[in-house]
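All remarks here apply to the structure that follows.
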Amino acid sequence: MATWTWFHRLASPPHVYGFARRWTPWIGGAAAVCMVVALYGGLVLAPEDYQQKDAFRMVYVHAPAAWLSLMIYTTMAVAAAVGLIWRMKVAHAAAAACAPVGAWFTVAALGTGMLWGKPMWGAYWVWDPRLTAELVLLFLYLGYMGLRAGIEDPNKADKASAMLAVVGVINVPIIKYSVEWWNSLHQTPTVMKMGKPSMDTAMLWPLLLMFVAFALYFAAVLLIRLRAELLRRERNASWVREVVT
Amino acid sequence: MSEFFSMSGYGIYLWPAFALGIGVVVLNLVMALSSLSTARKDARRRLEINP
């Protein structure tokens with residue numbers, strides 16, 4: 001059953017810790033390079049939009065942040081489900097490591113969205129389906145963290161918070177498709193849709209590169225947080241002694 | 001240069017948005033690193049390893 005060895009390794013805290021330590025600098029470095037190039041491409045090289053002028057450049061920070069807030073939640077829910085089904089400690093640790101990062105990117109998505117909404121819609125906030133659902137996402141993250149913080153027994157905290165994470169994942173497709181299901185002020189997808197993106201290549205590549213940068217950045221931060229989680233959980237394991245000395 | 005910063009008049013919205021985005025990116029990296037450093041210190045104390 002050689003195919004399953006990766007799964008067993010994934011369940012082994014010392015293996016995951018070592019993997020995280022080796023790979024974080026490379027992934028983080030790649031994220032930084034992509035981010036700088038994408039910023040230059042988006043703010044300097046891309047031409048201005050014929051309708052929104054330079055305001056469209058908001059997309060280079062708003063869309064990646066919003067997309068990451070959903071991707072982190074999905075990662076958290078999958079990790080939580082794996083933890084519940086296979087009782088895998090590493091998976092619960094990964095889910096716990098996702099939450100604060102996801103909450104911050106939800107704040108970034110909401111904040112940058114408000115700053116884009118003011119000049120385009122004339123208001124910082126409207127109770128639009130997508131905006132409201134994204135706000136619910138923030139409360140899900142905060143609820144998840146609050147629940148974990150409120151339960152002292154780590155095993156019980158893992159289980160209860162994992163249930164919340166899994167149930168809450170229903171909000172992800174609601175946010176994604178809100179602009180199509182309901183009559184929304186928010187614009188419909190430009191890039192992540194069936195067929196060709198409705199955006200010129202000169203505008204599109206910095207955005208796609210920024211998505212890559214954010215994904216790599218999240219991977220690096222997740223690996224750092226996962227190491228911290230594993231050290232906290234594996235109280236007396238001999239491998240902990242090895243890695244901290 | 002001032003044309004670049006004005007961003008056809010949208011600079012007052014655009015730059016705070018980018019500052020927020022970059023701020024969140026930097027903040028999360030710093031928080032993750034500090035959390036790891038605290039966890040390492042706690043583990044050393046627990047295992048009574050002298051620095």
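Derivation of every value follows stated rules applied to the coordinates shown; laboratory data play no part. What you see is a predicted model, and the numbers here were worked out from it, not measured in a lab. All Cβ positions, glycine included, derive from the backbone under ideal geometry; neighbour counts span all protein chains shown.
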Coordinate range along principal axes, alpha carbons of the protein assembly as shown, Å, largest first: 62, 40, 39
Could you give P(r) for region A:1-53, binned at 10 Å from zero, as whole percent values over all Cα-Cα pairs? 20, 25, 21, 16, 14, 5
With 5 Å bins from 0: P(r) over region A:5-107, alpha-carbon pairs, percent: 2, 11, 14, 17, 18, 13, 9, 7, 5, 3, 1
Gyration tensor on Cα atoms of region A:99-245, a ≥ b ≥ c root eigenvalues, a/c under 1.5 rounded, else prolate if a/b beats b/c, else oblate, says prolate
From fewest to most C-beta neighbours within 10 Å, the residues A:Phe211, B:Phe5, A:Phe7 line up as B:Phe5, A:Phe7, A:Phe211
Filtered chymotrypsin sites (Phe, Trp or Tyr not before Pro), region A:104-137: DSSP coil and at most 11 other beta carbons within 10 Å: A:Trp127
Across region A:80-132, what fraction of all alpha-carbon pairs, as a whole percent, falls in each successive 10 Å bin from zero upward? 23, 31, 20, 19, 7
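Taking only DSSP H segments of four or more residues, each worth -39500 (n - 2.57), what value at 222 nm results for chain A once the sum is divided by all its residues, to the nearest 500 deg cm²/dmol?
Value at 222 nm, helices only: -26000 deg cm²/dmol.
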Using the Kirkwood radius over Cα pairs of region A:41-95, the Stokes-Einstein translational diffusion coefficient at 37 °C and 0.692 mPa s, in µm²/s and rounded to a whole number, is 241 µm²/s
Within region A:201-245: backbone nitrogen closer than 11 Å to the B:Glu48 label point (7 Å, Cα to C-beta): none
Convex hull volume of the Cα atoms in region A:102-152, per residue, in Å³? 62 Å³
Which of B:Ser2, A:Ser69 has the fewest other C-beta atoms within 10 Å, and how do the rest follow up to the most? B:Ser2, A:Ser69
Can you give the net charge of the other residues whose Cβ lies under 15 Å from the Cβ of A:Thr106, counting K and R as +1 and D and E as -1? +1
Using the Kyte-Doolittle scale, which helices in chain A average at least 1.0 and also have C-alpha atoms spread 15 Å or more along the helix axis, with helices defined as whole DSSP H runs? A:59-86, A:201-233
Simple spin-label estimate for A:Ala202 and A:Phe139 in nanometres, 7 Å along Cα-Cβ: 4.4 nm
Taking chain A as a Gaussian network, Cα atoms linked when under 10 Å apart, which of A:Ala202, A:Ala65, A:Ala20 shows the biggest mean-square fluctuation? A:Ala202
Under 17 Å Cα-Cα from A:Lys176, which aspartates and glutamates qualify once same-chain neighbours fewer than 8 residues away are excluded? A:Asp128, A:Glu134
Using Cα pairs closer than 8 Å and at least 6 residues apart in sequence, work out the relative contact order for chain A, in percent. 33 percent
If every alpha-carbon in region B:2-46 counts as one equal scatterer, what log10 I(q)/I(0) does Debye give at q = 0.16 1/Å? -0.57
